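Each remark here refers to the structure printed beneath this line.
Please treat every number below as a calculation from the coordinates, not as lab data. A quick note: this is a predicted structure, and the numbers were derived from the prediction, not measured. Don't worry about glycine lacking a Cβ; one is built from the backbone with ideal geometry, like all the others, and counts go over all protein chains shown.
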Protein chains: 2
Amino acid sequence: MVNIVDVLRFVYDKVIPSDDERRRVESVVSIMIERVKKASSQLNLPVKVRAEGSIAKDTWISGDRDIDIFIQLPREIGVNGLREIGLRIARIAAGDRWIERYAEHPYIETELNDFKIDLVPCFMLNDPREALSTVDRTPFHTDFINSLFNDVLRRETRVLKQFMKGIGVYGAEIKVQGFSGYLCELLILHYGSFLDLIEAAAERWRPFNVVIDIKEYHSNLNEVKSIFNAPLIVIDPVDKRRNVAAALSLEKICEFIAACRAFLKRPDVSFFFPSKLSTFTSEELVNQFRVRGTDFIFIITSCPKAVPDVLWGQLYKSLRGLRRLLYKWNFKVIGDFVWSDEEDKVVFCFELESAFLPNVERHVGPPISSKEHCDKFLVKHLVSMNLISGPKIEGDRWVVYLKRKYPNITLMLMNEWMKAKLGSLVYESLKNGFQVLLNEQIVEFYDSNDDFAYSLTKYLVGRPSWLLAN
Amino acid sequence: MVNIVDVLRFVYDKVIPSDDERRRVESVVSIMIERVKKASSQLNLPVKVRAEGSIAKDTWISGDRDIDIFIQLPREIGVNGLREIGLRIARIAAGDRWIERYAEHPYIETELNDFKIDLVPCFMLNDPREALSTVDRTPFHTDFINSLFNDVLRRETRVLKQFMKGIGVYGAEIKVQGFSGYLCELLILHYGSFLDLIEAAAERWRPFNVVIDIKEYHSNLNEVKSIFNAPLIVIDPVDKRRNVAAALSLEKICEFIAACRAFLKRPDVSFFFPSKLSTFTSEELVNQFRVRGTDFIFIITSCPKAVPDVLWGQLYKSLRGLRRLLYKWNFKVIGDFVWSDEEDKVVFCFELESAFLPNVERHVGPPISSKEHCDKFLVKHLVSMNLISGPKIEGDRWVVYLKRKYPNITLMLMNEWMKAKLGSLVYESLKNGFQVLLNEQIVEFYDSNDDFAYSLTKYLVGRPSWLLAN
C-alpha cells in the first residue's frame, strides 16, 4: 500500500510548473499582450488586455499549452461591435497564422512558441451581473481567485485538476459535463486542501444535497437546493444567481465521489496518471461479442457541422431519442454510447438482448367489463391481416397474438428513425443517409478508425481506469 | 342472419328427450332403485333411495347417459359407517361390474343398458345446513328445484346447459371451473328464461359485481360481495351461507359473458353445437412454430395418481409455479397450458419470446449515496468470476454486466425446478424424472397422442369456437 503523502509528493512534482516553464509562459503572455495592445492602439477606444484562466490564476498544470488572452472592450460598442472590432484586433495581433472559432461568441485561435493562444474579445464591465456571456464574467473570476489564493491553494488546485483529469471528470464542455477549472478553484478555496475535499466528497457528498456558498449569500439552504436543483450547487462568489457547477452531470459527480472513496481506500498515482487502456484487436472484439452473446447495432452517419458543445448536445439527445425508439418497438437495450470524431462520422451504438424478436407479439386488450371497448377490439382484430392467434380471454381480458410489425431492427430503424426525438442537425444527417451494422459487420470500420476502436473497447471493458487499481 | 327463434327451436329439438328416451331412463332408474332397496333391506337401518341430479329434476340433455342414484343413510352411523355400509349396499346393487370412485367421499360406478350409473352414499338429513359434504346437500337441491320448476323452465335449463357446453364453460369440476347444473337451474329460475339470462349477462353482468339471492336472505348486497368475493355470487336457496357459483373462475364467467354478447349479435346454432376444430398435421404444426417465431418448451412427466379434481388442482398450481420460475430467470412467457390424459402423462407447455438468453446480464446496483452498499457491491463484483464488464456508473448507480447463470432454459429447469411452487404430487412426478422438449422435438409425441395434439392445436388457434362464427 502506497502512502498518501508519497502519492501527493509525486503528483506535486508533475503538476507544478518549473521556474523555466513559468518564464516561457510569461514571455509568451507578455509578447501576445503587447501585440494586442499595439493592434488596438489605433482605435479611439479604451481597451484592456490581460491573460485570464489558469495561466492568469497560476493554477495551470505543468505542460498545459493553452493560454487565454482577453480583449476587454467598452459595453457601448454593442454585441456586433464587439464581434467586429474585437476580432479585427485579435486577427492583427495573431499575425499570419490564426483560425476563427466560436463558443458563445467568436474568438481567434493562434499559436506562439508551441503554445495555443485564444484571443477572446469581451466586454469591460464594472459588475459581473451585467455579463452578457460567460466570457464577460471571466475577468471577475480571475480577480476573485487571485485576491484569495496563495501558493498552497494553487498547488492543491493543480493536484485536484490532475486528479479530475485522471479519473475523466475534468472539463465543463457538453461532451464531458464535468468540473470546470474555476469550480476546482472554488472547491479548494472552500475545503482548504485537496485531501479535505476528497474526504468530504467520499464521506458526505450526496448528489442534489451539496450546497457550497463561500460568500454566504443565501441563508435558506433548502430554498437554494430547490431553486438550483442540481447534483452539486456552488454559488458563484461574483454572482449569487449563478451555480458554477450547473454544467456538471449527475454521472460525473457520482464518478468523482466514487473515485474519492476508492482513492482514500487505496491511494495510488494511477488515479492522477492512468495507464491508457489498450484497444482490443478485431479478433478480441469478435470474441467479446461471442462471450457476451448480445447483439450490437451501430448506426453510422455523417457528422453534422457544429461547434463541439452544440454537436455533443445533439448527439446525446439523439442517443436518448433512439434508445426510446428501440424500447418502443420492444428491443431491450442493455447499454449504449455515441462516438464522433467531431468532423466526419457519428456512430450510435446499442447493445441489445437481441436484435431479433419473434414474429408474434402478445397484445392484451380491454377487460370484459368494458363492453364497448370489447366490441371495438373484436371487430378490429377479427378482420385484421395481422392476427396470428386469438382473440381469447385470459383472466378478465381479451388477448390477441399479432404479427409483430418489426421483428427486424434494421427495417424498424429504416422506417421509424424520423419519429425518434433527435437533434435537428442529427435529423438532417440521418435524412441524408445512414448505415445499420450488426455485430461483426463493424470490424472494417473498427480496424480503420483507432479512436472509435478505443471508444468501443472502453464500452466493452465498461470500468473506470481507477477501478482497475483497486 | 339466422333468426334467434329458429335457432332456439332447433336447439329444443336436440336437447329435449323424446318420450321413448324418458321411458328408457325411467326404466333404468327404477331397476337400480329396486336393486339398491333390495340390497339394503337386510340392514336394520332406515334407508332412502332416490335418483338425484338432472335426471331427478328432469333437466338432463337428451342423450346424456349419466344417472345418479343416492343412498341416504342415518347420520348416526358416522362417516366411517357411511363409507362401509353405503359402499357395501352399492356394490351389491351394482352386481358384478362396478368400480369404486372417489370425489369428496367414495361411491360406486356401474353400468346398465348403456347408462353410466353412480351409486352415491350420503346422509339422511332434516336440514341442508347439517351437510358434511356436497352430496348431503344434493337431495335438498333436487327438492327445491322440483318444487318450483315447470316444463318451460326445464326446457330453458336444457337450452342453457347446451349453450354452456357448446362454449366450453359447463361443469364445476376443477379442470373446467365452470357452471354446475344446479347453478344453471338457479339462473333460469331467477331470470325466467334462457334469453333473459343471456341478455342480462351480455349487458349487465360485471365480474365480482353480480349477486343473485333468490330467497332474499341478504339485505346488504355490498356486504354479500365482500364476504363471498367471487366473480359470480348465487346464494344457495337451501343454505344461505353458500355461494353456488364458488367454483366458477373469473375466466369462465368472462367467456360466458363474451359468448352471450356474440350470440345476441349473431345468433347461431354453432354456439350450442360447435364443429370440432381439426387438429393440425405435424407439418402444419412445424409451420405454426415457424410463423410465430417464438420458442415452445414442453415439460413432460408422468401423471400423478389422483382423482381428477385433485389432479387438476395440482396441475394448474404447478403451471403457475413453473411460469413464475421462468419469469424469475428472465424467460418471457407469452402463453401456456397444461395437458394430461389423467392417467399416464402430463405436459406443461410454455410459449416463450425466446428460449435462449444472452450470456451477459445487466445488473443495476446501489446508488452512490449509499456508501456502505456501494463498498459491498464493489468488493463483491470486482473479484467475481461472473463479472463480464463494469462496474461502471450510470446516472447515480453502479451497474455491472454479469455472466448469466442460465442462458439455457433446459439447464435452468433441470437445476431449479424444485424451487417452483408445485403441487406435492407433481413435485414427486418431476422428482422421478421429466423431459424438456423444444419446438419440433415435440413432433413424435404429438403424432402419437391425438388428445395432446388437439390441445396444442387449440392453444395455437387460441380462439373460442363460437368466435369463428362471428
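At B:Asn439, label 7 Å along Cα→Cβ: distances to the other copies, nm, ascending?
Label-point distances to the other copies, shortest first: 1.5 nm.
Select the chain B residue whose beta carbon lies nearest to the rotation axis carrying chain B onto chain A, and write the distance in whole Å.
Here the nearest residue and distance are B:Ser354, 3.
Relative to the other copies, what are the label-point distances for B:Tyr316, with labels 7 Å from Cα along the C-beta vector, expressed in nm at one decimal and sorted shortest first?
Ordered by distance, the counterparts are at 5.4 nm.
If you fit an axis through the alpha-carbon atoms of helix A:134-148 and take the longest principal axis of the Cα set of chain A, what angle between them do you get, 0 to 90°, nearest 10?
That works out to roughly 50 degrees.
In nm², what is the average projected area of the convex hull enclosing the Cα atoms of the stretch B:139-244? If you can, show how the numbers build up before the last one.
Working: hull surface 26.9 nm².
For the Cα atoms of the stretch B:139-244, the hull's average projected area reads 6.7 nm².
Taking the Cβ of A:Gln314 as the centre, find all other residues whose Cβ is under 13 Å away and add up their charges (Lys, Arg: +1; Asp, Glu: -1). Intermediate values should be presented prior to the final figure.
Numbers: positive: A:Lys175, A:Lys305, A:Lys317, A:Arg320, A:Lys421; negative: A:Asp309, A:Glu342, A:Glu428.
Result for the local shell: +2.
What's the whole-number percent of alpha carbon pairs in the protein assembly as shown lying beyond 49 angstrom? Could the numbers behind the result be given before it?
Values: 206372 of 441330 pairs.
Result: 47 percent of Cα pairs exceed 49 Å.
Per-residue Cβ counts within 10 Å, from other chains only, averaged over B:248-255: what number is that? Walk me through the intermediate numbers first.
Details: counts 0, 1, 6, 7, 1, 3, 10, 3.
What the average comes to for B:248-255 is 4.
Where Rh denotes the Kirkwood radius from the mean inverse Cα pair distance, what is Rg over Rh for the stretch B:242-381? All intermediate terms of the calculation are to be shown ahead of the outcome.
Numbers: Rg = 22.5 Å, Rh = 20.0 Å.
Across the stretch B:242-381, the Cα-based Rg/Rh ratio is 1.12.
Would you mind working out the magnitude of the charge dipole of the stretch B:140-204 relative to its Cα centre, with +1 at each Lys and Arg C-beta and -1 at each Asp and Glu C-beta, to the nearest 20 Debye?
240
Relative to the longest principal axis of the C-alpha atoms of chain A, give the angle of the C-alpha long axis of helix A:181-191, reported between 0 and 90° and rounded to the nearest 10°.
80
Rg to Rh ratio, the stretch A:238-292, alpha-carbon atoms and Kirkwood radius?
Details: Rg = 18.4 Å, Rh = 15.2 Å.
Answer for the stretch A:238-292: 1.21.
Can you give the mean number of other chain Cβ atoms that lie within 10 Å of the Cβ atoms in peptide B:287-293? Mind dumping the intermediate values first?
On the way: counts 0, 3, 0, 1, 6, 9, 10.
Average neighbour count from other chains, rounded to a whole number: 4.
Which trypsin sites (Lys or Arg not before Pro) in the stretch A:44-74 sit in a loop by DSSP (not H, G, I, E or B) and have at most 16 other Cβ atoms within 10 Å of their own Cβ? Before the final figure, lay out the partial values.
On the way: sites: A:Lys48, A:Arg50, A:Lys57, A:Arg65; in loops: A:Arg65.
Filter output for the stretch A:44-74: A:Arg65.
Over all Cα pairs of the stretch B:13-134, how is the pair count split among 10 Å bins, expressed in % and running from 0 up to the last occupied bin?
Bin by bin from 0 Å, the calculated values are 13, 45, 31, 10, 1.
Can you list the distances in nanometres, one decimal and ascending, from the B:Tyr217 label point to the identical position in each other copy, with the point 7 Å along Cα to Cβ?
Taking the point 7 Å beyond Cα along Cα→Cβ, the inter-copy spacings are 7.6 nm.
Find the eigenvalues of the gyration tensor of the Cα atoms of the stretch A:75-202, then list the square roots of 5 times those eigenvalues as equivalent ellipsoid semi-axes, largest first, in whole angstrom. Present the calculation step by step, with values, prior to reporting the outcome.
Numbers: eigenvalues 194, 66, 38 Å².
Its equivalent ellipsoid spans semi-axes of 31, 18, 14 Å.
Compactness ratio of the stretch B:396-469: Cα Rg over 2.2 N^0.38 Å, N = residue count?
With N residues counted in the stretch B:396-469, Rg over 2.2 N^0.38 Å equals 1.64.
Just to confirm a number: summing +1 for Lys and Arg and -1 for Asp and Glu over residues other than B:Pro106 whose beta-carbon lies under 13 angstrom from that of B:Pro106, what do you get?
On the way: positive: B:Arg83, B:Arg88, B:Arg91, B:Arg101; negative: B:Glu84, B:Glu100, B:Glu104, B:Glu109, B:Asp118.
Summing Lys and Arg as +1 and Asp and Glu as -1 gives -1.
Rounded to two decimals, what ratio of Rg to Rh does the stretch A:313-470 give with C-alpha atoms and a Kirkwood Rh?
On the way: Rg = 20.6 Å, Rh = 18.6 Å.
My calculation puts Rg/Rh at 1.11.
From the Cα trace of chain B, what convex hull volume per residue do you get, rounded to a whole Å³?
217
Tell me the net charge near B:Phe228. Cut-off is 12 Å between Cβ atoms, B:Phe228 excluded, with +1 for each Lys or Arg and -1 for each Asp or Glu.
Numbers: positive: B:Lys225, B:Lys240, B:Arg241, B:Arg242; negative: B:Asp213, B:Glu223, B:Asp236.
So the surrounding residues net to +1.
Cα-based Rg of the stretch A:73-149 per 2.2 N^0.38 Å, rounded to two decimals? Kindly include the intermediate steps, with their values, before the conclusion.
Numbers: Rg = 13.5 Å, N = 77, 2.2 N^0.38 = 11.5 Å.
Working it through for the stretch A:73-149, the quotient is 1.18.
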